[in-house]
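Everything on this sheet refers to the single structure shown next.
The values are calculated or read from the model by the stated rules, or taken from the named source; none is laboratory data. What you see is a predicted model; the values in this text were computed from it and never measured. So basically every Cβ, Gly included, is an ideal-geometry build from the backbone, and we count neighbours across all protein chains shown. Note: areas computed on protein heavy atoms with side chains; ligands, DNA, RNA excluded. Shrake-Rupley method; radii C 1.70, N 1.55, O 1.52, S 1.80 Å.
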Amino acid sequence: MSEWWSYSAEDFLLFSPRTYWRMFELQNEAYWPLPVLTLALGGIVTFLAARGGANFLRSAAAILALVWSFVAYTFLWTRYAGINWAIAYVAPAFVLEALLLLLIAVRAGFTVQPRGVVPWTGYLLLAFATVGVPLLAPLHGRDRSTSEIFGIAPDPTVIATLGFLILLRGRFLWLLYPIPILWCLLSGMTLHTMGDAQAWMPFTAVAVVAAAAIAAAVRRPSRTPA
Amino acid sequence: MPTTRRAFLQTSVAATAAGALLPTALRAATAEPASRPIPSSGEQLPIVGLGTWITFNVGEDPQRKDECAAVMAAFFESGGRMIDSSPMYGSAQPVIGYGLQKLGRPKALFAADKVWTSGDGPAQIEETRAYWGVPRFDLLQVHNLVDWEAKLPLLFEMKAAGKLRYVGITTSEGRRHDLIERIMRDQPLDFVQFTYNAVDREAEARLLPLAAERGIAVIVNRPFEQGALIRRVANAPLPGFAAEVGATSWAQLLLKFILAHPAVTVAIPATSRVDHVRENLAAGGGLLPDADLRARISAQVRSL
């Protein structure tokens with residue numbers, strides 16, 4: 001009998017908030033000025049998605065695959081797994097998501113959702129992930145050096161990807177959702193357990209995706225000819 | 001109710017005395033912690049050690065590793081010996097190893113670690129030893145009783161072969177006390193580790209008396225409940241009775257509550273601050289509260 005029910009989330013938090021946020025500071029320092037380039041890549045992904053052609057969407061997916069791989073190795077594997085052994089099992093999932101992005105983009109392809117609330121929600125998430133998330137550090141009373149940057153840190157990378165996915169239609173698109181959503185839940189739980197108010201961010205991203213999925217499902221039958 | 005407070009002389013007899021707390025308050029205030037014997041060997045051990053849960057898990061950050069090394073330096077300077085860690089604590093083990101190397105491998109070190117989930121116990125122990133950079137561990141414990149039926153014989157075998165000095169088991173936050181009690185009765189343990197503090201006093205009922213009766217050294221983890229007790233009392237003024245045992249902070253008063261129990265061998269508060277480690281070690285010196293004062297400390301903390 002392991003009495004597993006007597007464990008709480010706090011029992012699995014292996015590090016202090018100070019150590020957690022210090023990782024982002026070190027990551028930004030280690031790759032400076034790359035964060036400027038990855039921010040620009042976030043803008044390029046948004047631009048390519050807005051253009052909407054098959055090749056543009058493939059290029060956007062390739063950029064996302066690249067940054068997922070980069071974050072998997074440089075942040076999750078090299079840095080985060082050092083203070084949280086469980087992340088060693090998460091890093092391969094990020095690589096898998098990168099491979100799926102490439103594979104589905106190349107083999108099945110994507111199209112953009114028809115105009116409406118759902119794609120605009122996607123653009124909103126993309127914009128928030130690239131421009132809004134880096135501003136959260138000072139808004140939550142942390143030093144600007146701990147800012148999470150798209151393509152450098154996992155949360156903005158994952159949320160931007162969710163925004164991109166909401167914009168799309170595609171045969172195997174659903175395969176790309178589980179890993180980002182599970183990451184957002186894990187990240188939100190980690191921040192919540194740390195007592196950090198920023199836990200709202202990944203949880204809200206999941207809620208927005210769920211709302212967009214429902215909205216898309218509701219809308220689809222009405223567009224079907226009788 | 002007595003009008004005067006008495007504290008306790010920390011003696012080897014006290015460590016093995018069952019049940020009641022010893023009277024007498026003869027120790028003068030001192031910066032260094034008192035020592036108590038490990039019942040199975042008589043070896044003296046300072047009653048305040050250093051835990052590394054969360055605080056030493058700083059990854060590869062050179063600045064934070066140096067901060068941990070500074071905490072270790074202050075710990076040894078203040079008379080500390082036992083440092084406790086686990087394979088479950090992220091990067092804490094290599095950070096300890098870094099600190100030990102930086103400090104020139106202090107001879108006072110009493111190295112305590114654990115064996116955890118690995119199916120290959122010897123490989124995990126060897127990896128842990130390499131992280132610390134020690135020739136052998138003084139104490140290895142079965143972490144949270146995980147796979148204890150297989151791991152305890154392995155540790156006893158290592159002890160018999162001279163590759164280990166002491167064997168123990170651990171739990172925390174009141175988990176599996178029935179099983180801990182059974183193992184304490186059935187196995188020739190040197191150490192047992194569990195949670196005990198001013199608000200979590202479950203161990204007083206069975207585990208602490210049993211440890212005294214069986215001659216098992218007791219390591220107390222989570223003395224501040226991972227900082228929750230400190231946060232709980234943070235806005236309350238230090239009670240006047242703290243001065244009777246020379247406690248100058250809530251942290252010292254909370255530690256003295258634990259250390260005053262005669263069956264406790266060592267408490268292992270974790271910290272990432274040099275001033276806090278000095279404060280913790282100092283709590284192990286000087287007077288300790290008697291039963292009446294302990295009751296008042298516990299009541300005061302529970303009321304906050």
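Some observations on this one:
- Unmet criterion (only one of (1) at pLDDT 95 or above; (2) surrounded by fewer than 24 Cβ atoms within 10 Å (Cβ to Cβ); (3) in contact with a helix residue (DSSP H, G or I) (Cβ under 8 Å, 6 or more places away or on another chain)) for B:Ala263: (2)
- Scanning the range A:108-124 for residues that are at negative phi and either within 14 Å of chain B (Cβ to nearest Cβ) or not hydrophobic (A, V, I, L, M, F, W, C) (or both) yields A:Thr111, A:Gln113, A:Pro114, A:Arg115, A:Pro119, A:Thr121, A:Gly122, A:Tyr123.
- Residue ID - surrounded by the fewest Cβ atoms within 10 Å (Cβ to Cβ), chosen from residues in the range A:66-90 that are among the hydroxyl-bearing types (Ser, Thr, Tyr) and more than 14 Å from chain B (Cβ to nearest Cβ): A:Tyr73
- If the condition is being more than 11 Å from chain A (Cβ to nearest Cβ) and within 15 Å of the chain's Cα centre (by Cα), then the range B:77-86 contributes B:Gly79, B:Gly80, B:Arg81, B:Met82, B:Ile83, B:Asp84, B:Ser85.
- No other residue among B:Glu60, B:Glu67 is at pLDDT below 95, more than 28 Å from B:Leu145 (Cβ to Cβ) and either touching a Lys or Arg at 6+ places or on another chain (Cβ under 6 Å) or among the charged types (D, E, K, R) (or both) apart from B:Glu60.
A quick yes/no check of all residues on (1) surrounded by fewer than 24 Cβ atoms within 10 Å (Cβ to Cβ); (2) closer than 30 Å to A:Val36 by Cβ; (3) touching a strand residue (DSSP E or B) at 6+ places or on another chain (Cβ under 7 Å):
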residue: A:Val131; (1), (2), (3): yes, yes, no
residue: A:Asp143; (1), (2), (3): yes, yes, no
residue: A:Phe164; (1), (2), (3): no, yes, no
residue: A:Ile179; (1), (2), (3): yes, yes, no
residue: A:Leu186; (1), (2), (3): yes, yes, no
residue: A:Met189; (1), (2), (3): yes, no, no
residue: A:Thr204; (1), (2), (3): yes, yes, no
residue: A:Ala217; (1), (2), (3): yes, no, no
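- Any hit, the range B:87-105, residues being in contact with a His (Cβ under 9 Å, 6 or more places away or on another chain) and within 14 Å of another protein chain (Cβ to nearest Cβ): yes
- Whichever residue in the range B:125-150 is under 20 Å from B:Gly51 (Cβ atoms) and not hydrophobic (A, V, I, L, M, F, W, C) and, among such residues, is surrounded by the most Cβ atoms within 10 Å (Cβ to Cβ): B:Gln141
- Residue match in the range A:37-45 (condition: open to solvent by 50 Å² or more (accessible area, probe 1.4 Å), more than 20 Å from A:Leu176 (Cα to Cα) and within 14 Å of another protein chain (Cβ to nearest Cβ)): no
- The requirement of being outside any strand (DSSP E or B) and touching a strand residue (DSSP E or B) at 6+ places or on another chain (Cβ under 7 Å) is fulfilled somewhere in the range B:106-114, by at least one residue.
- The set of residues in the range B:277-288 being out of contact with any strand residue (DSSP E or B) (no Cβ under 6 Å at 6 or more places or on another chain) and in contact (Cβ under 8 Å) with a residue 40 or more places away in the chain consists of B:Val277, B:Arg278, B:Ala282, B:Ala283, B:Gly285, B:Gly286.
- Residue within the range A:199-212 that is assigned to a helix (DSSP H, G or I) and over 18 Å from the mean Cα position of the chain (by Cα) present: no
- Of all residues making up the range B:174-221, the number that are within 14 Å of chain A (Cβ to nearest Cβ), at negative phi and basic (Lys, Arg): 2
- Taken together, A:Leu96, A:Leu100, A:Leu126, A:Leu168 contain a single residue that is in contact (Cβ under 8 Å) with a residue 12 or more places away in the chain, over 21 Å from A:Asp196 (Cα atoms) and under 13 Å from the mean Cα position of the chain (by Cα), which is A:Leu126.
- Residue selection: B:Thr171 satisfies the criterion of being β-branched (Val, Ile, Thr) and within 13 Å of chain A (Cβ to nearest Cβ).
- Answer from A:Ala93, A:Ala105 - the residue that is more than 14 Å from chain B (Cβ to nearest Cβ), open to solvent by less than 10 Å² (accessible area, probe 1.4 Å) and in a helix (DSSP H, G or I): A:Ala105
- Single unsatisfied condition, B:Thr117 versus (1) within 14 Å of chain A (Cβ to nearest Cβ); (2) buried (at least 16 other Cβ atoms within 10 Å of the Cβ); (3) part of a loop (DSSP other than H, G, I, E, B): (2)
- Looking only at the range B:55-73, and only at residues there that are hydrophobic (A, V, I, L, M, F, W, C) and surrounded by fewer than 21 Cβ atoms within 10 Å (Cβ to Cβ), the one that is farthest from the other protein chains (Cβ to nearest Cβ): B:Ala73
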